[in-house]
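*Asks:* Let me give you the structure first, and then I'll get to my questions.
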Amino acid sequence: MRHLLSTADLGHDEAVLILDTARELAQIGERSVKKLPTLRGRTVVNLFYEDSTRTRTSFELAAKRLSADVINFSAKGSSVAKGESLKDTALTLQAMGADGVVVRHGASGAAHRLAGWVDGSVVNAGDGTHEHPTQALLDAYTMRERTGRLAGLRVAIVGDVLHSRVARSNVLLLHTLGAEVTLVAPPTLVPVSVGTWPCQVSYDLDEVLPKSDVVMMLRVQAERMNEAFFPTAREYSRRYGLDRDRFALMGEDAIVMHPGPMVRGMEISAEVADSPRATVTRQVANGVSVRMAVLYLLLGGSEPAIGQR
Amino acid sequence: MSDENESGGTEYLIRGARPLGGEPADILVRAGEIAAVGPRAAAEAGAPARTVQADGMIALPGLVDLHTHLREPGREDAETVASGCRSAAMGGFTAVHAMANTDPVADTAGVVEQVWRLGRDSGHCDVRPVGAVTRGLAGERLAELGAMADSVARVRVFSDDGMCVSDPLLMRRALEYVKAFDGVVAQHAQDPRLTQGAQMNEGEVSDRLGLAGWPAVAEEAVIARDCLLAEHVGSRLHVCHVSTKGSVEIIRWAKQRGCDVTAEVTPHHLLLTDDLVEGYDPIYKVNPPLRTAADVHALREGLADGTIDCVATDHAPHPIEAKETEWANAAMGMLGLETALSVVQHTMVDTGLLDWAAVADRMSAAPARIGRLTGHGRPLAAGEPANIALYDASAERVVDPAAMESKSTNSPYRGMRLPGRVTGTFLRGVPTVLDGKIQ
């Protein structure tokens, strides 16, 4: 595999290889010198068309820990702001010899388009409302780390599934890894064809919580109420927010996840967000390891390579 | 359109072609008209007549397109009236309607007359401008429809195509108003609220790709409303580029009720489906969007049984940069003129759904009737205008957009193997295409 564009492209063994590689690489983060020479001489470009300090920094750190040269190419203050097309930007990066391009873009499919224009590897760091594969990988990594398994794990994903690239990538990856996913949302915020997805759907959070090992809360933008997806932020929060009372419905060992950034008081209350069973900061830490694994396997060249597919 | 253009001075004897796919019959073309068909043709041919060998070719009346975008004035980088007319001739067309969404919009007599003159000057195809229904396509106030109808362009088809006349009261008034000059409103049926930001057909593929969905109901609800409005005020209505199974069913129902509605389908909606979007290549981005296999099936059946009256290309040229970009930023539209007949053969004739006589109806007679074109869509008979397309249905070709006459290359059939090839086109007795080459 040359690119990581969608978790649908990952077979079971490939996905597990990424998670296992991430676990090995995580040990680097615990050393005093947090650096490996693996990607020395390689160039990784972070091409971010959307502001995302969290994801960009995570990729930057991952690449630097592998000794790659990192260039941050932000859409603001560059030729992109002057109207340069994605294709021309791609050709520019190509000419500069980028070995890997990590791209975040507001348009679904932008990473696919880019992959057609550059020779290097493209990592999709979030494209519109399509996918965010490394987020799903770090989520799976965190679940496995906390619960010890993925097969048979019962995962509830709660919130704005319709507009969520995190949900799309997670549903596909978790299905591949054998977990049982239930999406929970008001009917307005799930896609019309969700019945064809490899997961269950429920409109009733209280009913799903006791049966879940993992509850993943998605960010919900209050502005969605202006498009009539729900009447008010308060009503959304009452019906689908994870507050203290609902938290009590969960199993004792069940964990709460959130890809961030959280809207406290909307989809998650402060007590729950700060609970020891919430993995939010752990997800951030694991994000670096998982992205190291992805860059290593895509750009490392030699064994072990992901994907003999 | 009348015969105001110069008529052919040379006589042509077309030998061995099969009119409407029937038995071979020679066709003698003289002074812009068909002088004779059958055994008398050769006998009547004068000594200087030029012979066009067309053994086995299908002879059809020159094709008529109710729906093209020729981009002039305003986007001459994508197409001009002249290049669009050459493209049309290469597709076997002798008359095309040019949609109003130019820059400036064709919402005044001045602009429609300009487009009409450009078409007349091109000499490759008759151009019938479509007038905008509302000023600036803004959907707020009626354009001066009567002035366009009375102009030298003699506009009879009015459309805000690209935009929907979504205000029901405005639509009612437009339907009523054009009755005074036997006009027709051609509606681009798309509820704007249901399709805000829409990128592709709403369904399994859009949900997986994370592209905002364009539900079938956004088209069907407007068609149902318009049919009821047209029936109520006793006007005729034309529905542009029908794309869904539900739309076909609604139009079938409306016709049964006696509503004076006609409809068109594009070649691409007869062949292509929304799973082509998987790779996010905007060459497949079009309005209305590519739908599902079930929709394609229903559209073919609708065209076969006459629920859908005609094929119209919605030829929509765009420069390369408008397509070599992210899906959401790409322009909507596809080339259609130079592949239309091949796609119709592939989807309708080779499947046994239509014979060539019916193709002549759907691609020439019916659109001419809807657009009130008098000199086109006529039978291949003595005394009729010599508007003729010669088509080699046994040929096969790999589509190469770079070889097309259009200024643009956004054909979704690039690299696809399609049957058939237009070898000759005559416009009032003058060959615009001979031996498959533009004249």
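The values are calculated or read from the model by the stated rules, or taken from the named source; none is laboratory data. Since the model is a prediction, treat every value here as computed from it, not as a measurement. Reconstructed Cβ throughout: ideal geometry from the backbone, glycine too, with neighbour counts over all protein chains shown. We work out accessible area using only protein heavy atoms, side chains counted, and drop any ligands, DNA or RNA first. Shrake-Rupley method; radii C 1.70, N 1.55, O 1.52, S 1.80 Å.
*Asks:* Just from its helices, what would the mean residue ellipticity at 222 nm be for chain B, if runs of 4 or more DSSP H residues each count -39500 (n - 2.57) and the sum is divided by every residue, rounded to the nearest 500 deg cm²/dmol?
*Replies:* Working: 13 runs with 117 residues, N = 439.
The helix-only estimate for chain B comes to -7500 deg cm²/dmol at 222 nm.
*Asks:* A further question on this structure: Just to confirm, what accessible area per residue do you get for the protein assembly as shown at 1.4 Å probe, in whole Å²?
*Replies:* For the protein assembly as shown, the solvent-accessible area averages 37 Å² per residue.
*Asks:* Hey, can you list the residues from segment B:316-352 whose accessible area shrinks by 30 Å² or more with all protein chains present, relative to the chain by itself (probe 1.4 Å, no ligands or nucleic acids)?
*Replies:* Hits at the 30 Å² cut-off: B:E324, B:E326.
*Asks:* Could you give the DSSP H helices of chain A that reach 20 angstrom or more along their long axis (alpha carbon positions) and whose average Kyte-Doolittle hydropathy is no lower than 0.5?
*Replies:* A:280-299
*Asks:* How tilted is helix B:293-305 with respect to the longest principal axis of chain B? Cα atoms for both, answer in degrees (0 to 90, nearest 10).
*Replies:* So the inclination is approximately 50 degrees.
*Asks:* Restricting to chain A, compute how many DSSP beta bridges are antiparallel as a %, nearest 5.
*Replies:* Just about 5 percent of them are antiparallel.
*Asks:* I've got another one for you. Can you tell me which of B:A368, B:A189, B:A395 moves the most in a GNM of chain B? Springs connect C-alpha atoms under 10 Å apart.
*Replies:* Answer for the Gaussian network model of chain B: B:A395.
*Asks:* Which parts of segment B:196-230, residue by residue, lose 40 Å² or more of accessible area when the rest of the protein chains are there, as against the chain isolated (1.4 Å probe)?
*Replies:* B:E204, B:D207, B:R208, B:G210
*Asks:* Also, quick follow-up: I want to verify a result. In a Gaussian network model of chain B, Cα cutoff 10 Å, which of these has the top mean-square fluctuation: B:L13, B:L194, B:L427?
*Replies:* Greatest mean-square fluctuation among the candidates belongs to B:L194.
*Asks:* Okay, moving on. Please report, in Å, the Rg and the Dmax of segment A:1-96, where both are computed over Cα atoms only.
*Replies:* Over segment A:1-96's Cα set, Rg and Dmax evaluate to 15.7, 44 Å.
*Asks:* State the Kirkwood hydrodynamic radius of segment B:386-439 in Å, one decimal place, computed from all pairs of distinct Cα atoms. Mind dumping the intermediate values first?
*Replies:* On the way: mean 1/r = 0.0828 Å⁻¹.
Hydrodynamic radius (Kirkwood, Cα only) of segment B:386-439 equals 12.1 Å.
*Asks:* Let me ask you something else. Just the number, please: percent antiparallel of the DSSP beta bridges in the protein assembly as shown, rounded to the nearest 5.
*Replies:* 30 percent
*Asks:* Mind jotting down a quarter of the surface of the convex hull over the alpha carbons of the protein assembly as shown, in square nanometres, one decimal?
*Replies:* 34.8 nm²
*Asks:* Can you count the Lys pairs in the protein assembly as shown whose Cα atoms are under 21 Å apart, with each pair 8 or more apart or on different chains?
*Replies:* For the protein assembly as shown, qualifying lysine pairs total 13.
*Asks:* For helix B:245-257, report the angle its Cα long axis makes with the longest principal axis of the Cα atoms of chain B; keep it between 0 and 90° and round to the nearest 10°.
*Replies:* Approximately 80 degrees, to the nearest 10.
*Asks:* Calculate the tail of P(r) for segment B:62-371: the fraction of all Cα-Cα distances greater than 36 Å, expressed in %.
*Replies:* The share of Cα pairs beyond 36 Å in segment B:62-371 comes to 9 percent.
*Asks:* Take the solvent-accessible surface of the protein heavy atoms, probe 1.4 Å, and return the percent of it on the protein assembly as shown that carbon and sulfur atoms account for. Show your work: numbers first, answer last.
*Replies:* Details: 13630 of 27790 Å².
C and S atoms contribute 49 percent here.
*Asks:* Do any residues of segment A:164-212 show a loss of at least 30 square angstrom of accessible area between the isolated chain and the full protein assembly, using a 1.4 Å probe, and if so which?
*Replies:* Those are A:R168, A:V192, A:S193, A:T196, which lose 30 Å² or more relative to the chain on its own.
*Asks:* Using only Cα atoms, tell me the angle between helix B:81-90 and the longest principal axis of chain B; keep it within 0 to 90° and round to the nearest 10.
*Replies:* Around 60 degrees separate the two axes.
*Asks:* Excluding ligands, DNA and RNA, what is the accessible area buried between chains B and A, summed over both sides, using a 1.4 Å probe, to the nearest 100 Å²?
*Replies:* Rounded to the nearest hundred, the buried surface is 1400 Å².
*Asks:* How much FRET efficiency would the formula 1/(1 + (r/R0)^6) give for A:I71 and A:R277, where r is the Cβ-Cβ distance and R0 is 41 Å, rounded to 0.05?
*Replies:* Using R0 = 41 Å, I get an efficiency of 0.60.
*Asks:* In µm²/s, what is D for segment A:139-252 at 20 °C and 1.002 mPa s, where D = kT/(6 pi eta Rh) by Stokes-Einstein and Rh is the Kirkwood radius from Cα pairs?
*Replies:* On the way: Rh = 14.4 Å.
Translational diffusion coefficient: 149 µm²/s.
*Asks:* Would you calculate the volume per residue, in Å³, of the smallest convex hull containing every Cα atom of segment B:1-112? Walk me through the intermediate numbers first.
*Replies:* On the way: hull volume 13.7 nm³, N = 112.
For segment B:1-112, the hull spanned by Cα atoms encloses 122 Å³ per residue.
*Asks:* For n ≥ 4 DSSP H runs only, could you compute -39500 (n - 2.57) per run for chain A, divide by its residues and tell me the 222 nm figure to the nearest 500?
*Replies:* On the way: 11 runs with 111 residues, N = 309.
Calculated at 222 nm, the ellipticity per residue is -10500 deg cm²/dmol.
*Asks:* On the Cα set of chain A, report Rg and Dmax in Å, please.
*Replies:* 19.2, 56
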